[in-house]
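Q: Following this message is one structure expressed as structure tokens.
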Amino acid sequence: MKTLNIIGAGRLGKTLGRLWQEAGLFRAQSIYNRNLDSAIAAVEFIGAGQASCTIESMADADYWLISCIDSEIAAAAERLADKLAQREGIIAFHCSGALSSQVLEVLRPASIASAHPVHSFAEPLRSLSTLSGSSVALEGDSFAIAALDSAFRAIGCETLTIESQRKSLYHAGSVIASNYLTALMDLSLRSFAAAGIDRHSALKLLEPIVLQTAQNNMTLGPEKSLTGPIARGDLETVATQAESLASVDSQLAHHYRQLGLACVELARRGQLSDESAARLIELLSEPMR
Ligand SMILES: NC(=O)c1ccc[n+]([C@@H]2O[C@H](COP(=O)([O-])OP(=O)(O)OC[C@H]3O[C@@H](n4cnc5c(N)ncnc54)[C@H](OP(=O)(O)O)[C@@H]3O)[C@@H](O)[C@H]2O)c1
């Protein structure tokens with residue numbers, strides 16, 4: 001069985017370590033965290049391996065997962081470089097969505113990659129049963145990609161490969177869909193609050209429509225899911241809403257206009273006429289009064 005070392009066994013690292021250990025794919029070997037107690041806790045969670053006090057004292061391994069926080073990955077790779085120097089056939093990877101495999105260049109001749117699971121590891125115990133079915137974006141050397149493709153598939157994940165130069169575009173796509181959706185929810189709640197609807201009632205009111213909209217987008221795609229005043233070219237309603245929002249919260253009105261322009265772009269790919277689109281763009285682009 002191939003061996004796996006982990007530098008930074010936190011929520012993601014210990015979850016993957018345990019899943020691979022239980023799948024009989026990798027034997028967890030040395031685990032290093034800055035804090036020895038947290039490394040010991042990770043070893044207990046994984047159910048195998050030994051906590052190391054330093055990177056230098058870690059055993060040799062076939063696979064090296066650097067899953068410390070993003071800002072520490074480059075420094076951890078620097079410290080590991082001497083240990084891996086001149087050793088062929090080793091695979092070193094990290095799981096950051098924001099960074100490409102280039103941050104591991106110092107580890108060559110090891111084969112390097114990044115493997116970003118599109119999953120939230122907020123609760124590792126829960127992730128043990130929910131990670132399966134998630135997608136993992138792989139990027140880097142072909143040897144490492146092929147090996148990690150098998151490793152993630154062995155624990156039930158789907159994989160896709162992306163080009164190194166386009167990794168930040170890929171990551172922006174996930175950020176827009178998850179983080180920006182959260183920001184949109186906040187804008188919606190602020191608008192309901194201005195209408196005198198408390199947060200609890202607003203969330204209750206929103207739940208079915210938000211979930212239904214998400215479902216429509218998944219099955220029909222955004223073009224066919226867009227409904228409402230902009231899709232209908234209802235200029236009067238859009239103007240009234242923009243003015244109402246401006247009268248209570250200029251920032252909220254600004255976001256309404258900006259996102260409205262994105263809706264017009266989308267609606268043009270559907271039924272919205274060029275004439276209605278042009279009038280909506282003019283209205284939504286107007287400087288704030
Ligand atoms: N969490 C997610 O949902 C998720 C999803 C996809 C990708 N990722 C990626 O997965 C990686 C890990 O994220 P995470 O959420 O698992 O982080 P985390 O829970 O904060 O775990 C990070 C671990 O790294 C250790 N650590 C920090 N600095 C270190 C260093 N210099 N050397 C060695 N160990 C160090 C920490 O322990 P000590 O403090 O004891 O050192 C901790 O155990 C990141 O690259 C992140 O972008 C996370």
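The values are calculated or read from the model by the stated rules, or taken from the named source; none is laboratory data. Since this is a predicted model, take the numbers as computed values, not measurements. We place every Cβ from the backbone using ideal geometry, glycine too, and count neighbours over all the protein chains shown.
Q: Anything in segment 22-51 that is closer than 21 Å to SER127 by Cα, within 11 Å of the ligand (Cβ to nearest atom) and within 27 Å of the chain's Cα centre (by Cα)? List them, or say none.
A: Across segment 22-51, the qualifying residues are ILE31, ASN33, SER38, ALA39, ALA41, ALA42, PHE45.
Q: Quick check on this structure: which one of SER134, SER150, SER129 is touching a His at 6+ places or on another chain (Cβ under 6 Å) and in the same structural domain as PHE26 (by TED's automatic domain parsing)?
A: Being touching a His at 6+ places or on another chain (Cβ under 6 Å) and in the same structural domain as PHE26 (by TED's automatic domain parsing) holds for just one of SER134, SER150, SER129, which is SER134.
Q: Taking the stated definitions as given, is ALA262 within 25 Å of the chain's Cα centre (by Cα) and assigned by TED's automatic domain parsing to the domain that holds ALA177?
A: Considered against the rule, which asks whether it is within 25 Å of the chain's Cα centre (by Cα) and assigned by TED's automatic domain parsing to the domain that holds ALA177, ALA262 comes out as yes.
Q: Taking segment 262-280 only, how many residues are closer than 23 Å to SER188 by Cβ, loosely packed, with under 15 Cβ neighbours inside 10 Å and touching a helix residue (DSSP H, G or I) at 6+ places or on another chain (Cβ under 6 Å)?
A: 1
Q: Across segment 1-32, what is the number of residues that are touching a residue at least 24 places away in the same chain (Cβ under 8 Å) and not in a helix (DSSP H, G or I)?
A: The total comes to 19.
Q: Residue under question is SER188, and the condition is that it be assigned to a helix (DSSP H, G or I) and within 30 Å of ALA242 (Cβ to Cβ); does it hold?
A: Yes; evaluated as a whole, the condition is true for this residue.
Q: If you don't mind, another one. Looking for something among the hydroxyl-bearing types (Ser, Thr, Tyr) and either surrounded by 17 or more Cβ atoms within 10 Å (Cβ to Cβ) or closer than 21 Å to ILE46 by Cα (or both) - is there at least one such residue anywhere in segment 135-148?
A: Checked segment 135-148: no residue is among the hydroxyl-bearing types (Ser, Thr, Tyr) and either surrounded by 17 or more Cβ atoms within 10 Å (Cβ to Cβ) or closer than 21 Å to ILE46 by Cα (or both).
Q: Might you check whether a residue that is of a type outside the set (Phe, Trp, Tyr), in contact with an Asp or Glu (Cβ under 7 Å, 6 or more places away or on another chain) and at pLDDT below 95 occurs anywhere in segment 2-9?
A: The answer is no, given that none of the residues of segment 2-9 is of a type outside the set (Phe, Trp, Tyr), in contact with an Asp or Glu (Cβ under 7 Å, 6 or more places away or on another chain) and at pLDDT below 95.
Q: Also: Please indicate, with yes or no, whether at least one residue in segment 2-21 is loosely packed, with under 13 Cβ neighbours inside 10 Å and over 23 Å from the mean Cα position of the chain (by Cα).
A: no
Q: While we're on this one: Regarding segment 189-207, can at least one residue be identified that is surrounded by 15 or more Cβ atoms within 10 Å (Cβ to Cβ), modelled with pLDDT of 95 or more, in contact with a His (Cβ under 7 Å, 6 or more places away or on another chain) and in the same structural domain as HIS255 (by TED's automatic domain parsing)?
A: Checked against the condition, which is being surrounded by 15 or more Cβ atoms within 10 Å (Cβ to Cβ), modelled with pLDDT of 95 or more, in contact with a His (Cβ under 7 Å, 6 or more places away or on another chain) and in the same structural domain as HIS255 (by TED's automatic domain parsing), segment 189-207 yields no hits at all.
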